[in-house]
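Trainee: Have a look at the structure that comes next, please.
The values are calculated or read from the model by the stated rules, or taken from the named source; none is laboratory data. All figures in this text were calculated on a predicted structure; none of them were measured in a lab. Cβ placement follows ideal geometry from the backbone for every residue including glycine, while neighbour counts extend to all protein chains displayed. Quick note on the areas: whole protein, heavy atoms, side chains included, nothing else; ligands and nucleic acids left out. Shrake-Rupley method; radii C 1.70, N 1.55, O 1.52, S 1.80 Å.
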Amino acid sequence: MKKSIQIAGAFIGVIVGAGFASGQEILQFFTSFGWMGIGGAILATIFFAFLGMNLTQLGSRLQTDSHKDVIYHICGRYLGIAVDFIITFFLFGVAAVMLAGSGSIFEEQFGIPSMAGNVIMAVVTILTVCLNIQKVISIISLVTPFLLVMVIVIGGYALSTMGINFSEVQKLAESQTPAASNWFMGGLLYVSYNIAAGAAMLAVMGGTTKDEKQAGMGGILGGAGLGILILAMLVKMDVVGGSEMPILALANEISPVFGLLMFVVLLGMIYNTAVGMLYAFTARIVKRENPKFNFFAVLFGAAAFGASFIGFITLVGTVYPLMGYLGFTLIAAIVFAWFRGKRKAVGSIGSEVVLKQ
C-alpha cells in the first residue's frame, strides 16, 4: 500500500495545484447549483477514481516515462498524434499558470512583489525537475501526507458542523456564476479540464511500478481524496461563499494556526503541479536518460517563467477552458479503451472454456 499511497498523494498534489489553488473553481462548478452540486461532486469523485485507475495502470503496463505511449495506446495512431500535441502544449501552459499563481500568492500573503514570487518558484521548480522521476515523485508526495491529514480534518469538521438550511443554499447558489448549464455538466467539465492537466503525470507515475494493481489503487485513492475535498467545501457553502481561497477559509475557521499551515501546504501543492507539469513536458520532448535533459529543463522552465508574466487570470481564462474540451476527448477514449479491454478479457476467457471442453 505504501506505493499506492505515494501515487495517490502525488495525484492529489498535482490536481489540487491545478484545480483547487484558487478554490473559485469549486464555487463555479458545484456550489452554483445548490444542493444539486453534491450530485456533481459524487460524479466527479467517481470519474477521478476511474480515470486515475486507468491512466496509472496503463502507465504501469507500458512502463512508460512519458505520456506518449499511453495516449497512443488509448487514442490510436491518428487521434493520438493530435491529443499528444495538445497535451504537451497544455503541460507547458499549466506550468506557466502555476508560476504566475505563486507570484500572486506571495504578493497577497507576504507583500512580496509578484515577480520575486515567480522567480523563487521558477528556480525551485527547475532544480527539482533536474532530479530523476523517483525523487520528483518523492518530493511531490512529501507535502501530501500533510494535505491528506488536513483533508480528513477539514472533511470531518465540515460534516460535523454543517448547519446550513435549504434557503441559504439557494441564496448562495444564486450569487455564484455557474461554469456549466447544470450540475451534471458541471461535474464532468471539472473532471475534464483537471484530467487533461493531470493525465501526463498520472501515466508517468504509473510507470514507476510494475504492479498494475498497486498503480490502479493509487489512482482510486487519489480520486477519492479529491472527492472528499470537494464535498467538504460544498457542505460549508456558508463559509466558503465569496471567499477567494475557500480551502483556506475553512482552515482559518478551524484555527488561525491551521489556516497558516494550510497556506503553506497549498503553496506546496502549486509547487507540486508546476514540477509535475514541467517534468512531464520536458520528458515528452527529451528522454530522461538524455544527457541534455537538464539543459532542456532549464530552457523550458525559463520559457514558462517568461510566459507567467502574461498574468494569472489571463492564463487561467485562456488555458483551462481549452483543456476542458481536450479532456472530454480523453475521457471518451479512456472509457472506450476500458470497455475494449473488458470485452477482450471476456473473449479470452470464453476461448479458454471452449478449449478445455
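Trainee: Please specify each residue of the stretch 180-197 satisfying the condition of being over 13 Å from LEU27 (Cα atoms), assigned to a helix (DSSP H, G or I) and not small (Gly, Ala, Ser). Steps first, answer last, please.
Mentor: First, pick out the residues of the stretch 180-197 that are over 13 Å from LEU27 (Cα atoms): 181-182, 184-185, 188-189, 191-197.
Now restrict to residues that are assigned to a helix (DSSP H, G or I): 184-185, 188-189, 191-197.
Scanning the stretch 180-197 gives PHE184, MET185, LEU188, LEU189, VAL191, TYR193, ASN194, ILE195.
Trainee: Sticking with this one: With VAL151, VAL97, VAL191 as the choices, which residue is open to solvent by less than 30 Å² (accessible area, probe 1.4 Å) and modelled with pLDDT under 70? Explain how you work it out, then say what you get.
Mentor: Values: VAL97 fails: modelled with pLDDT under 70; VAL191 fails: modelled with pLDDT under 70.
Every option except VAL151 fails the conditions.
Trainee: Continuing with the same structure: Just one of ALA10, ALA44 is at pLDDT below 80, among the small types (Gly, Ala, Ser), closer than 21 Å to ILE220 by Cα and part of a helix (DSSP H, G or I); which is it?
Mentor: Within the list ALA10, ALA44, the selection yields ALA10.
Trainee: Do we find that VAL123 is closer than 30 Å to ARG288 by Cβ, modelled with pLDDT of 70 or more and over 19 Å from the mean Cα position of the chain (by Cα) in this structure?
Mentor: So VAL123 fits the description; yes.
Trainee: Hey, does the stretch 206-226 have a residue that's open to solvent by 40 Å² or more (accessible area, probe 1.4 Å) and either among the aromatic types (Phe, Trp, Tyr) or part of a loop (DSSP other than H, G, I, E, B) (or both)? Full working, then the answer.
Mentor: Initially, the stretch 206-226 is screened for residues open to solvent by 40 Å² or more (accessible area, probe 1.4 Å), giving 210-214, 217, 220-221, 224.
From what's left, either among the aromatic types (Phe, Trp, Tyr) or part of a loop (DSSP other than H, G, I, E, B) (or both): 210-211.
Scanning the stretch 206-226 turns up at least one residue that is open to solvent by 40 Å² or more (accessible area, probe 1.4 Å) and either among the aromatic types (Phe, Trp, Tyr) or part of a loop (DSSP other than H, G, I, E, B) (or both).
Trainee: Identify all residues within the stretch 194-205 that are within 23 Å of GLY40 (Cα to Cα) and either in contact with a His (Cβ under 7 Å, 6 or more places away or on another chain) or open to solvent by 40 Å² or more (accessible area, probe 1.4 Å) (or both); write none if there are none.
Mentor: ALA199
Trainee: Is there a residue in the stretch 34-41 that is over 28 Å from ALA180 (Cβ atoms) and touching a helix residue (DSSP H, G or I) at 6+ places or on another chain (Cβ under 6 Å)?
Mentor: No, because not a single residue in the stretch 34-41 is over 28 Å from ALA180 (Cβ atoms) and touching a helix residue (DSSP H, G or I) at 6+ places or on another chain (Cβ under 6 Å).
Trainee: How many residues, within the stretch 47-68, are open to solvent by 40 Å² or more (accessible area, probe 1.4 Å), within 19 Å of PHE281 (Cα to Cα) and modelled with pLDDT of 85 or more?
Mentor: Residues meeting the conditions: 2.
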